[in-house]
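Okay, structure first, notes after.
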Amino acid sequence: MEITKHLLMNLSLLLVLLFFTQLIIERQVNEEKREIYQLFYFIISIFTCYIFSVQVQDGIHFDLRQVPMILGGLYTGYSFLLAGLTLLMRAFLGINDGFWVSVGVFSGLAILLKWIHPWFNRLTLNSRVGVSVLLTVITSFLLMQMVAIVNEPISHPEAWISFILIPALTSGLVSYSIETIRQTFIIRQRLAKADKIEAVSHLSASISHEIRNPLTTVKGFLQLLGEKDYPEDKKKEFIDIAVQELKRAEEVINDYLTFARPAFEKEENIEVEKELNHVLNVLSPLANLNGVKITKKFSPGLFISGDRSKFKQGFINLMKNGLEAMPNGGELIIQTFLTGSVVHILVRDTGIGMNEEQIARLGEPYYTTKGKQGTGLGMMVTFSIIHAMRGKVEVKSQIGMGTTFHIRFTKTL
Ligand code: ADP
Ligand code: MG
(Lines give C-alpha, C1' and ligand atoms only; values in the text may rest on other atoms or scores of the structure.)
(Ligands and ions follow the chains in the order given, each with its own letter.)
Protein backbone atom coordinates (compact mmCIF):
# COMPACT_ATOMS: atom_id res chain seq x y z
CA MET A 1 0.00 0.00 0.00
CA GLU A 2 3.00 2.21 0.53
CA ILE A 3 3.27 3.05 -3.18
CA THR A 4 -0.43 3.73 -3.63
CA LYS A 5 -0.42 6.01 -0.60
CA HIS A 6 2.51 7.96 -1.95
CA LEU A 7 0.98 8.36 -5.37
CA LEU A 8 -2.35 9.44 -3.93
CA MET A 9 -0.47 11.97 -1.86
CA ASN A 10 1.14 13.23 -5.11
CA LEU A 11 -2.28 13.46 -6.65
CA SER A 12 -3.74 15.57 -3.86
CA LEU A 13 -0.71 17.86 -3.85
CA LEU A 14 -1.08 18.50 -7.57
CA LEU A 15 -4.75 19.37 -7.10
CA VAL A 16 -4.03 21.67 -4.16
CA LEU A 17 -1.32 23.42 -6.17
CA LEU A 18 -3.72 23.80 -9.10
CA PHE A 19 -6.27 25.36 -6.78
CA PHE A 20 -3.81 28.00 -5.59
CA THR A 21 -2.50 28.66 -9.09
CA GLN A 22 -6.07 29.20 -10.15
CA LEU A 23 -6.56 31.77 -7.39
CA ILE A 24 -3.55 33.71 -8.66
CA ILE A 25 -4.37 33.34 -12.35
CA GLU A 26 -7.93 34.49 -11.77
CA ARG A 27 -6.75 38.00 -10.95
CA GLN A 28 -4.58 38.23 -14.06
CA VAL A 29 -6.06 39.87 -17.10
CA ASN A 30 -2.78 39.89 -18.96
CA GLU A 31 -2.74 36.84 -21.25
CA GLU A 32 1.06 36.44 -21.21
CA LYS A 33 1.26 36.53 -17.43
CA ARG A 34 -1.47 33.92 -17.19
CA GLU A 35 0.58 31.62 -19.40
CA ILE A 36 3.69 32.19 -17.31
CA TYR A 37 1.82 31.33 -14.12
CA GLN A 38 0.49 28.21 -15.75
CA LEU A 39 3.99 27.15 -16.76
CA PHE A 40 5.11 27.78 -13.17
CA TYR A 41 2.37 25.52 -11.96
CA PHE A 42 3.73 22.64 -14.02
CA ILE A 43 7.31 23.30 -12.97
CA ILE A 44 6.43 23.42 -9.28
CA SER A 45 4.29 20.31 -9.70
CA ILE A 46 7.20 18.35 -11.17
CA PHE A 47 9.36 19.53 -8.29
CA THR A 48 6.71 18.53 -5.74
CA CYS A 49 6.44 15.06 -7.27
CA TYR A 50 10.16 14.57 -6.78
CA ILE A 51 10.12 15.68 -3.19
CA PHE A 52 7.41 13.15 -2.46
CA SER A 53 8.58 10.29 -4.63
CA VAL A 54 8.79 6.77 -3.28
CA GLN A 55 11.59 4.28 -3.81
CA VAL A 56 10.17 0.90 -4.90
CA GLN A 57 13.43 -0.89 -5.36
CA ASP A 58 17.05 0.08 -5.62
CA GLY A 59 17.44 3.04 -8.01
CA ILE A 60 13.77 3.05 -9.01
CA HIS A 61 11.70 6.00 -7.79
CA PHE A 62 7.99 6.22 -8.33
CA ASP A 63 5.97 9.40 -8.47
CA LEU A 64 3.62 11.27 -10.77
CA ARG A 65 6.19 13.48 -12.48
CA GLN A 66 5.04 12.33 -15.92
CA VAL A 67 1.63 13.92 -15.34
CA PRO A 68 2.74 17.60 -15.05
CA MET A 69 5.34 16.92 -17.72
CA ILE A 70 2.72 15.63 -20.19
CA LEU A 71 0.01 18.15 -19.33
CA GLY A 72 2.54 21.00 -19.28
CA GLY A 73 3.80 20.03 -22.72
CA LEU A 74 0.28 19.72 -24.10
CA TYR A 75 -1.12 22.92 -22.61
CA THR A 76 1.86 25.29 -22.68
CA GLY A 77 4.01 23.85 -25.47
CA TYR A 78 7.19 24.16 -23.39
CA SER A 79 7.85 20.43 -23.46
CA PHE A 80 11.65 20.67 -23.87
CA LEU A 81 11.97 23.02 -20.92
CA LEU A 82 9.79 20.77 -18.77
CA ALA A 83 11.60 17.60 -19.86
CA GLY A 84 14.96 19.25 -19.16
CA LEU A 85 13.86 20.26 -15.67
CA THR A 86 12.37 16.84 -15.00
CA LEU A 87 15.64 15.14 -15.88
CA LEU A 88 17.70 17.67 -13.94
CA MET A 89 15.66 17.04 -10.83
CA ARG A 90 15.80 13.31 -11.45
CA ALA A 91 19.58 13.55 -11.57
CA PHE A 92 19.59 14.68 -7.91
CA LEU A 93 18.09 11.31 -6.94
CA GLY A 94 21.15 9.64 -8.40
CA ILE A 95 22.47 8.78 -11.86
CA ASN A 96 21.41 5.16 -12.05
CA ASP A 97 19.22 2.83 -14.10
CA GLY A 98 16.08 4.76 -13.30
CA PHE A 99 17.73 7.98 -14.47
CA TRP A 100 18.63 6.57 -17.89
CA VAL A 101 15.16 5.17 -18.32
CA SER A 102 13.82 8.64 -17.60
CA VAL A 103 16.20 10.21 -20.12
CA GLY A 104 14.97 7.86 -22.81
CA VAL A 105 11.28 8.15 -22.10
CA PHE A 106 11.14 11.89 -21.40
CA SER A 107 13.22 12.98 -24.39
CA GLY A 108 11.01 10.98 -26.70
CA LEU A 109 7.97 12.35 -24.94
CA ALA A 110 9.20 15.96 -25.23
CA ILE A 111 9.56 15.64 -29.00
CA LEU A 112 6.15 14.03 -29.33
CA LEU A 113 4.49 16.70 -27.16
CA LYS A 114 6.12 19.53 -29.06
CA TRP A 115 4.88 18.00 -32.27
CA ILE A 116 1.25 17.45 -31.22
CA HIS A 117 0.87 20.65 -29.14
CA PRO A 118 -0.77 22.70 -31.98
CA TRP A 119 -3.08 19.83 -32.90
CA PHE A 120 -3.99 19.29 -29.23
CA ASN A 121 -5.19 22.89 -28.84
CA ARG A 122 -7.63 22.52 -31.69
CA LEU A 123 -9.37 19.52 -30.10
CA THR A 124 -12.64 19.68 -28.21
CA LEU A 125 -12.65 19.80 -24.43
CA ASN A 126 -13.46 16.12 -23.96
CA SER A 127 -10.92 14.96 -26.53
CA ARG A 128 -8.22 17.01 -24.81
CA VAL A 129 -8.95 15.30 -21.50
CA GLY A 130 -9.00 11.96 -23.31
CA VAL A 131 -5.66 12.55 -25.05
CA SER A 132 -4.08 13.62 -21.75
CA VAL A 133 -5.22 10.46 -20.00
CA LEU A 134 -4.21 8.21 -22.88
CA LEU A 135 -0.73 9.70 -23.15
CA THR A 136 -0.30 9.35 -19.39
CA VAL A 137 -1.28 5.69 -19.46
CA ILE A 138 1.08 4.94 -22.36
CA THR A 139 3.97 6.81 -20.73
CA SER A 140 3.46 5.13 -17.37
CA PHE A 141 3.31 1.76 -19.05
CA LEU A 142 6.50 2.49 -21.00
CA LEU A 143 8.30 3.64 -17.86
CA MET A 144 7.36 0.42 -16.10
CA GLN A 145 8.44 -1.73 -19.07
CA MET A 146 11.77 0.04 -19.42
CA VAL A 147 12.47 -0.26 -15.73
CA ALA A 148 11.71 -3.96 -15.96
CA ILE A 149 14.18 -4.31 -18.85
CA VAL A 150 17.15 -2.35 -17.49
CA ASN A 151 16.68 -3.13 -13.82
CA GLU A 152 14.78 -6.12 -12.65
CA PRO A 153 11.06 -6.81 -13.09
CA ILE A 154 8.92 -4.86 -10.63
CA SER A 155 8.09 -7.32 -7.93
CA HIS A 156 5.11 -5.63 -6.28
CA PRO A 157 1.92 -6.44 -8.18
CA GLU A 158 0.36 -3.41 -6.50
CA ALA A 159 2.92 -1.18 -8.23
CA TRP A 160 1.57 -2.10 -11.63
CA ILE A 161 -1.96 -1.12 -10.79
CA SER A 162 -1.18 2.03 -8.89
CA PHE A 163 1.45 3.23 -11.34
CA ILE A 164 -0.94 2.99 -14.26
CA LEU A 165 -4.25 3.87 -12.61
CA ILE A 166 -3.30 6.75 -10.34
CA PRO A 167 -1.39 8.75 -12.98
CA ALA A 168 -4.31 8.28 -15.35
CA LEU A 169 -6.73 9.46 -12.69
CA THR A 170 -4.53 12.45 -11.83
CA SER A 171 -4.09 13.38 -15.45
CA GLY A 172 -7.84 13.23 -16.02
CA LEU A 173 -8.66 15.28 -12.92
CA VAL A 174 -6.03 17.95 -13.55
CA SER A 175 -6.75 18.37 -17.25
CA TYR A 176 -10.48 18.44 -16.59
CA SER A 177 -9.93 21.15 -13.97
CA ILE A 178 -7.75 23.15 -16.34
CA GLU A 179 -10.44 22.92 -19.00
CA THR A 180 -13.14 24.05 -16.58
CA ILE A 181 -11.02 26.99 -15.44
CA ARG A 182 -10.42 27.99 -19.06
CA GLN A 183 -14.09 27.68 -19.88
CA THR A 184 -15.09 29.89 -16.96
CA PHE A 185 -12.55 32.46 -18.01
CA ILE A 186 -13.85 32.54 -21.59
CA ILE A 187 -17.43 32.88 -20.38
CA ARG A 188 -16.45 35.70 -18.05
CA GLN A 189 -14.67 37.52 -20.87
CA ARG A 190 -17.75 37.20 -23.07
CA LEU A 191 -19.92 38.60 -20.30
CA ALA A 192 -17.64 41.58 -19.87
CA LYS A 193 -17.83 42.23 -23.60
CA ALA A 194 -21.62 41.95 -23.64
CA ASP A 195 -21.74 44.39 -20.74
CA LYS A 196 -19.68 46.90 -22.66
CA ILE A 197 -21.84 46.56 -25.78
CA GLU A 198 -24.89 47.09 -23.61
CA ALA A 199 -23.35 50.21 -22.08
CA VAL A 200 -22.43 51.58 -25.51
CA SER A 201 -25.92 51.06 -26.88
CA HIS A 202 -27.46 52.69 -23.81
CA LEU A 203 -25.06 55.53 -24.15
CA SER A 204 -25.73 56.11 -27.81
CA ALA A 205 -29.46 56.26 -27.07
CA SER A 206 -28.92 58.68 -24.22
CA ILE A 207 -26.57 60.76 -26.33
CA SER A 208 -29.18 61.28 -29.00
CA HIS A 209 -31.48 62.25 -26.14
CA GLU A 210 -28.88 64.71 -24.90
CA ILE A 211 -28.44 66.17 -28.37
CA ARG A 212 -32.16 66.60 -28.72
CA ASN A 213 -32.37 68.90 -25.67
CA PRO A 214 -30.10 71.64 -27.04
CA LEU A 215 -31.58 71.28 -30.50
CA THR A 216 -35.08 71.79 -29.09
CA THR A 217 -33.88 74.89 -27.31
CA VAL A 218 -32.26 76.34 -30.41
CA LYS A 219 -35.40 75.57 -32.39
CA GLY A 220 -37.48 77.30 -29.72
CA PHE A 221 -35.40 80.46 -29.89
CA LEU A 222 -35.45 80.55 -33.66
CA GLN A 223 -39.24 80.20 -33.57
CA LEU A 224 -39.47 83.02 -31.03
CA LEU A 225 -37.29 85.22 -33.25
CA GLY A 226 -39.52 84.46 -36.20
CA GLU A 227 -42.78 85.15 -34.40
CA LYS A 228 -42.39 88.84 -33.71
CA ASP A 229 -39.82 91.59 -33.87
CA TYR A 230 -37.97 91.63 -30.57
CA PRO A 231 -35.71 94.52 -29.54
CA GLU A 232 -32.07 94.21 -30.66
CA ASP A 233 -30.66 93.33 -27.22
CA LYS A 234 -33.30 90.64 -26.69
CA LYS A 235 -32.49 89.16 -30.09
CA LYS A 236 -28.80 89.13 -29.23
CA GLU A 237 -29.52 87.37 -25.96
CA PHE A 238 -31.56 84.67 -27.74
CA ILE A 239 -28.83 84.12 -30.28
CA ASP A 240 -26.16 83.92 -27.56
CA ILE A 241 -28.07 81.26 -25.72
CA ALA A 242 -28.68 79.34 -28.93
CA VAL A 243 -24.98 79.39 -29.75
CA GLN A 244 -24.10 78.24 -26.24
CA GLU A 245 -26.53 75.38 -26.56
CA LEU A 246 -25.06 74.29 -29.86
CA LYS A 247 -21.68 74.32 -28.16
CA ARG A 248 -23.06 72.04 -25.48
CA ALA A 249 -24.37 69.67 -28.11
CA GLU A 250 -20.92 69.67 -29.63
CA GLU A 251 -19.43 68.88 -26.23
CA VAL A 252 -21.84 66.00 -25.74
CA ILE A 253 -20.80 64.53 -29.07
CA ASN A 254 -17.14 64.94 -28.16
CA ASP A 255 -17.82 63.24 -24.83
CA TYR A 256 -19.39 60.35 -26.63
CA LEU A 257 -16.53 60.00 -29.04
CA THR A 258 -14.06 59.81 -26.18
CA PHE A 259 -16.13 57.15 -24.42
CA ALA A 260 -13.88 54.37 -25.73
CA ARG A 261 -11.15 55.74 -23.49
CA PRO A 262 -11.78 55.26 -19.76
CA ALA A 263 -13.91 58.12 -18.50
CA PHE A 264 -11.69 60.95 -17.42
CA GLU A 265 -13.91 62.90 -15.07
CA LYS A 266 -13.07 66.57 -14.95
CA GLU A 267 -12.98 67.97 -11.45
CA GLU A 268 -13.93 71.60 -11.75
CA ASN A 269 -15.29 74.12 -9.31
CA ILE A 270 -18.97 74.47 -9.99
CA GLU A 271 -20.71 77.66 -8.96
CA VAL A 272 -24.16 76.22 -8.32
CA GLU A 273 -26.16 79.39 -8.86
CA LYS A 274 -24.44 80.29 -12.12
CA GLU A 275 -24.85 76.87 -13.66
CA LEU A 276 -28.46 76.47 -12.54
CA ASN A 277 -29.23 79.87 -14.07
CA HIS A 278 -27.77 78.69 -17.30
CA VAL A 279 -29.88 75.54 -17.20
CA LEU A 280 -32.98 77.66 -16.56
CA ASN A 281 -32.12 79.93 -19.50
CA VAL A 282 -31.90 76.87 -21.66
CA LEU A 283 -35.27 75.62 -20.52
CA SER A 284 -37.13 78.93 -20.52
CA PRO A 285 -38.59 78.42 -24.02
CA LEU A 286 -40.18 75.18 -22.86
CA ALA A 287 -41.38 76.84 -19.65
CA ASN A 288 -42.97 79.66 -21.66
CA LEU A 289 -44.61 77.19 -23.97
CA ASN A 290 -46.21 75.32 -21.05
CA GLY A 291 -47.09 78.53 -19.22
CA VAL A 292 -44.88 77.63 -16.27
CA LYS A 293 -43.63 80.27 -13.86
CA ILE A 294 -40.06 79.77 -12.72
CA THR A 295 -39.20 80.78 -9.16
CA LYS A 296 -35.59 80.92 -8.01
CA LYS A 297 -34.54 80.95 -4.37
CA PHE A 298 -30.77 80.87 -4.51
CA SER A 299 -28.29 81.19 -1.67
CA PRO A 300 -25.27 82.88 -3.21
CA GLY A 301 -21.69 81.61 -3.17
CA LEU A 302 -22.29 77.85 -3.09
CA PHE A 303 -19.57 75.77 -4.73
CA ILE A 304 -19.31 72.06 -5.32
CA SER A 305 -16.83 70.11 -7.38
CA GLY A 306 -17.43 67.91 -10.40
CA ASP A 307 -17.78 68.03 -14.15
CA ARG A 308 -19.56 71.28 -15.04
CA SER A 309 -21.04 70.14 -18.32
CA LYS A 310 -22.35 66.92 -16.75
CA PHE A 311 -23.82 68.83 -13.83
CA LYS A 312 -25.82 70.94 -16.27
CA GLN A 313 -26.85 67.91 -18.26
CA GLY A 314 -28.14 66.23 -15.10
CA PHE A 315 -30.22 69.22 -14.04
CA ILE A 316 -31.55 69.86 -17.53
CA ASN A 317 -32.98 66.33 -17.54
CA LEU A 318 -34.47 66.82 -14.09
CA MET A 319 -36.09 70.21 -14.76
CA LYS A 320 -37.25 69.22 -18.20
CA ASN A 321 -39.21 66.38 -16.58
CA GLY A 322 -40.68 68.92 -14.15
CA LEU A 323 -41.78 71.17 -17.01
CA GLU A 324 -43.17 68.23 -18.95
CA ALA A 325 -45.20 67.26 -15.88
CA MET A 326 -46.98 70.63 -16.10
CA PRO A 327 -48.41 70.80 -19.63
CA ASN A 328 -51.15 73.16 -18.43
CA GLY A 329 -49.00 75.54 -16.46
CA GLY A 330 -47.75 75.62 -12.91
CA GLU A 331 -44.68 76.60 -11.03
CA LEU A 332 -41.12 75.30 -11.08
CA ILE A 333 -39.26 76.23 -7.92
CA ILE A 334 -35.51 75.93 -7.73
CA GLN A 335 -34.03 76.41 -4.31
CA THR A 336 -30.49 76.13 -2.97
CA PHE A 337 -29.16 76.44 0.56
CA LEU A 338 -26.35 75.33 2.81
CA THR A 339 -26.47 73.39 6.09
CA GLY A 340 -23.09 72.66 7.59
CA SER A 341 -21.01 71.43 4.67
CA VAL A 342 -23.98 70.12 2.69
CA VAL A 343 -25.22 71.99 -0.38
CA HIS A 344 -28.92 71.34 -0.92
CA ILE A 345 -30.59 71.77 -4.29
CA LEU A 346 -34.37 71.40 -4.45
CA VAL A 347 -36.28 71.16 -7.71
CA ARG A 348 -40.01 71.29 -7.14
CA ASP A 349 -42.84 71.25 -9.65
CA THR A 350 -46.59 71.47 -9.22
CA GLY A 351 -47.24 68.92 -11.94
CA ILE A 352 -48.98 65.60 -12.30
CA GLY A 353 -46.84 63.81 -9.71
CA MET A 354 -45.95 60.16 -9.48
CA ASN A 355 -47.25 57.14 -7.58
CA GLU A 356 -45.12 54.76 -5.48
CA GLU A 357 -44.37 52.45 -8.38
CA GLN A 358 -43.31 55.29 -10.66
CA ILE A 359 -40.99 56.67 -7.98
CA ALA A 360 -39.47 53.22 -7.45
CA ARG A 361 -38.85 52.75 -11.16
CA LEU A 362 -37.32 56.18 -11.64
CA GLY A 363 -33.86 55.87 -13.19
CA GLU A 364 -34.56 52.45 -14.65
CA PRO A 365 -33.32 52.50 -18.26
CA TYR A 366 -36.09 52.95 -20.82
CA TYR A 367 -38.75 53.48 -18.17
CA THR A 368 -41.06 56.19 -19.48
CA THR A 369 -44.73 57.08 -19.25
CA LYS A 370 -44.47 59.45 -22.20
CA GLY A 371 -44.80 56.90 -24.98
CA LYS A 372 -42.99 57.88 -28.16
CA GLN A 373 -42.15 61.30 -26.72
CA GLY A 374 -39.97 59.85 -23.96
CA THR A 375 -36.74 57.90 -24.00
CA GLY A 376 -36.78 56.82 -20.37
CA LEU A 377 -33.09 57.64 -20.14
CA GLY A 378 -33.11 61.13 -18.66
CA MET A 379 -33.35 60.09 -15.03
CA MET A 380 -30.89 57.25 -15.47
CA VAL A 381 -28.32 59.72 -16.74
CA THR A 382 -29.16 62.25 -14.02
CA PHE A 383 -28.84 59.72 -11.21
CA SER A 384 -25.55 58.40 -12.50
CA ILE A 385 -24.17 61.94 -12.81
CA ILE A 386 -25.25 62.85 -9.27
CA HIS A 387 -23.82 59.62 -7.86
CA ALA A 388 -20.57 60.16 -9.72
CA MET A 389 -20.38 63.54 -7.98
CA ARG A 390 -20.97 61.75 -4.66
CA GLY A 391 -24.37 63.38 -4.32
CA LYS A 392 -27.59 61.95 -2.94
CA VAL A 393 -31.11 62.24 -4.35
CA GLU A 394 -34.37 62.04 -2.47
CA VAL A 395 -37.71 62.10 -4.31
CA LYS A 396 -41.06 63.10 -2.85
CA SER A 397 -44.14 63.09 -5.00
CA GLN A 398 -47.87 63.05 -4.79
CA ILE A 399 -50.28 62.40 -7.64
CA GLY A 400 -51.84 65.65 -8.78
CA MET A 401 -49.79 67.74 -6.36
CA GLY A 402 -46.32 67.69 -7.80
CA THR A 403 -42.84 66.36 -7.27
CA THR A 404 -39.80 67.47 -5.31
CA PHE A 405 -36.26 66.32 -6.02
CA HIS A 406 -33.98 67.01 -3.09
CA ILE A 407 -30.30 66.68 -3.98
CA ARG A 408 -27.43 66.92 -1.53
CA PHE A 409 -23.79 67.55 -2.45
CA THR A 410 -20.75 68.21 -0.33
CA LYS A 411 -19.54 71.80 -0.42
CA THR A 412 -16.04 72.46 -1.71
CA LEU A 413 -13.90 74.55 0.60
P1 ADP B 1 -38.58 60.47 -20.12
O2 ADP B 1 -38.61 61.89 -19.64
O3 ADP B 1 -37.96 60.33 -21.45
O4 ADP B 1 -39.87 59.76 -19.98
P5 ADP B 1 -37.04 60.13 -17.74
O6 ADP B 1 -36.04 59.11 -17.32
O7 ADP B 1 -36.60 61.54 -17.76
O8 ADP B 1 -37.57 59.69 -19.15
O9 ADP B 1 -38.28 59.99 -16.79
C10 ADP B 1 -38.90 58.73 -16.59
C11 ADP B 1 -40.30 58.84 -16.12
O12 ADP B 1 -40.32 59.34 -14.78
C13 ADP B 1 -41.15 59.79 -16.89
O14 ADP B 1 -41.69 59.19 -18.03
C15 ADP B 1 -42.21 60.17 -15.88
O16 ADP B 1 -43.22 59.20 -15.83
C17 ADP B 1 -41.48 60.10 -14.56
N18 ADP B 1 -41.09 61.44 -14.07
C19 ADP B 1 -39.85 61.93 -14.00
N20 ADP B 1 -39.83 63.16 -13.46
C21 ADP B 1 -41.12 63.48 -13.18
C22 ADP B 1 -41.78 64.62 -12.62
N23 ADP B 1 -41.10 65.70 -12.23
N24 ADP B 1 -43.11 64.56 -12.47
C25 ADP B 1 -43.81 63.48 -12.84
N26 ADP B 1 -43.25 62.37 -13.40
C27 ADP B 1 -41.93 62.36 -13.57
MG1 MG C 1 -37.05 63.12 -19.20
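Structure data summary
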{"read-out": "Protection-proxy order for peptides 322-334, 162-174, 114-126, each taking the mean of Cβ atoms within 10 Å per residue, highest first", "value": "162-174, 322-334, 114-126"}
{"read-out": "Region 39-45 - phi-based ³J(HN,Hα) in whole Hz, Karplus 6.51/-1.76/1.60, Gly and Pro as x", "value": "4, 4, 4, 5, 5, 5, 4"}
{"read-out": "Accessible solvent surface per residue of the chain, calculated while the other protein chains remain in place, 1.4 angstrom probe, Å²", "value": "53 Å²"}
{"read-out": "Pairs from K312/K396; K296/K392; K266/K320; K235/K370; K236/K296 whose Cα-Cα separation, in the structure shown, is over 28 Å", "value": "K235/K370"}
{"read-out": "Percent accessible area from carbon and sulfur atoms, the chain, protein chains only, probe 1.4 Å", "value": "62 percent"}
{"read-out": "Calculated [θ] (222 nm, deg cm²/dmol) that DSSP helices of n ≥ 4 give over the chain, each run adding -39,500 (n - 2.57)", "value": "-23000 deg cm²/dmol"}
{"read-out": "Relative contact order of the chain, defined on C-alpha pairs under 8 angstrom at six or more residues apart (%)", "value": "11 percent"}
{"read-out": "Order by protection proxy (mean Cβ within 10 Å, highest first), peptides 373-379, 298-304", "value": "373-379, 298-304"}
{"read-out": "Cut-off 12 Å between beta-carbons: net charge of the residues surrounding L39, Lys and Arg +1, Asp and Glu -1", "value": "0"}
{"read-out": "Alpha-carbon centroid distance for the pair region 79-126 / region 358-380, whole angstrom", "value": "63 Å"}
{"read-out": "Candidate aspartates and glutamates - alpha carbon under 17 Å from K274, same-chain residues fewer than 8 apart omitted", "value": "E237, D240, E245, D307"}
{"read-out": "Per residue Cα convex hull volume in Å³ - calculated over region 1-82", "value": "79 Å³"}
{"read-out": "Spherically averaged projected area in nm², based on the convex hull that wraps the Cα atoms of region 303-413", "value": "7.0 nm²"}
{"read-out": "Debye equation applied to the C-alpha atoms of the chain, log10 I(q)/I(0) at 0.07, 0.08 Å⁻¹", "value": "-0.58, -0.63"}
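The values are calculated or read from the model by the stated rules, or taken from the named source; none is laboratory data. Computed from a predicted model, the values in this text were never measured in an experiment. With ideal geometry, Cβ positions are generated from the backbone for all residues, glycine too; neighbour counts draw on all protein chains shown. Just the protein is used for accessible areas: all its heavy atoms, side chains included, with ligands, DNA and RNA removed. Shrake-Rupley method; radii C 1.70, N 1.55, O 1.52, S 1.80 Å.
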